[in-house]
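Have a look at the structure below, then the notes.
The values are calculated or read from the model by the stated rules, or taken from the named source; none is laboratory data. Values in this document were obtained by computation on a predicted structure and should not be read as measured data. Cβ atoms come from the backbone with ideal geometry, glycine included; neighbour counts cover every protein chain shown.
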Amino acid sequence: MAYRVKLTNFEGPLDLLLFLIKKSEVDIYDIPIASITQQYLEYVAILQMLDLEGAGDFILLAATLIRIKAQMLLPKSPESEEEEEEDPRQELVRRLLEYQRYKEVAENLFVFEANERFLYARGHFDLNFDDHDFSDWVDYSKGEVSLFDLMAVFKQVLMRVPKDIQHTVERIPIGVEDQIEYLQQELQIRKQLLFIAVLQKLPSKIYMIVTFIALLEMIRRGLVSATQSGPYGEIWINKT
């Protein structure tokens with residue numbers, strides 16, 4: 001029976017698309033659809049390989065990207081050239097911008113709520129959000145690592161693993177709980193673990209896959225947290 005980690009605790013398909021757009025440093029209003037679709041499909045392949053719940057939602061968006069790519073490759077008819085046709089990407093851009101706004105509001109509310117824990121009311125007063133300076137407040141989202149940051153490192157290490165010429169069917173020698181225990185033991189020896197170093201130490205591809213799933217499960221349970229020094233920087237695993 002397959003062991004699955006639910007993706008509800010992590011990000012969804014639009015988050016992956018925004019992640020790739022930011023990582024590629026491209027304009028959200030002018031998405032290079034061929035390049036982004038190729039990258040998106042590579043991440044979807046990893047999600048399918050990991051057999052994570054919710055991967056079907058990512059496949060649905062992948063189909064949308066492929067449809068847009070096909071529309072952009074089709075030659076325009078003489079009639080459509082005279083009339084100004086809507087860019088096939090526009091609907092997707094609208095969805096991304098709307099989703100991004102919701103995310104930003106949710107993140108701001110989280111920071112506001114977290115900082116409220118350190119405030120004690122003195123009495124009734126009006127708070128004008130437009131005039132208030134939030135620069136000295138604690139940013140609780142800083143340094144947090146997304147699922148796709150972890151997958152980017154995982155993908156990088158997997159690409160270096162030599163491909164098996166011969167395929168042999170054998171029982172998987174380890175389980176997710178085994179690797180959770182392994183990571184916990186490693187964290188007892190060291191205060192924090194460099195994520196890429198953990199993967200590189202493992203003997204085979206199957207160990208990497210199971211260990212990656214184990215790490216996601218530990219994050220979901222709140223046993224560990226993942227942080228990085230800066231955007232797309234090195235990822236560290238810390239015991240919570």
Of residues in the stretch 216-240 being in a helix (DSSP H, G or I) and of a type in the set (A, V, I, L, M, F, W, C), the one nearest to Phe148 (Cα to Cα): Leu216
When residues of the stretch 179-215 are limited to those that are basic (Lys, Arg) and in a helix (DSSP H, G or I), the one surrounded by the most Cβ atoms within 10 Å (Cβ to Cβ): Lys205
Inter-residue pairs, beta-carbon under 7 Å, first on the phi > 0 side of the Ramachandran plot and in the stretch 218-231, second among the hydroxyl-bearing types (Ser, Thr, Tyr) and surrounded by fewer than 16 Cβ atoms within 10 Å (Cβ to Cβ), 6+ apart: Gly222/Thr240
Filtered residues of the stretch 39-69 (kept if touching a Pro at 6+ places or on another chain (Cβ under 6 Å) and under 20 Å from Ser24 (Cα atoms)): Phe58, Leu61, Ile68
Within the stretch 104-122, considering residues that are among the charged types (D, E, K, R) and modelled with pLDDT under 85, the one nearest to Pro13 (Cα to Cα): Glu107
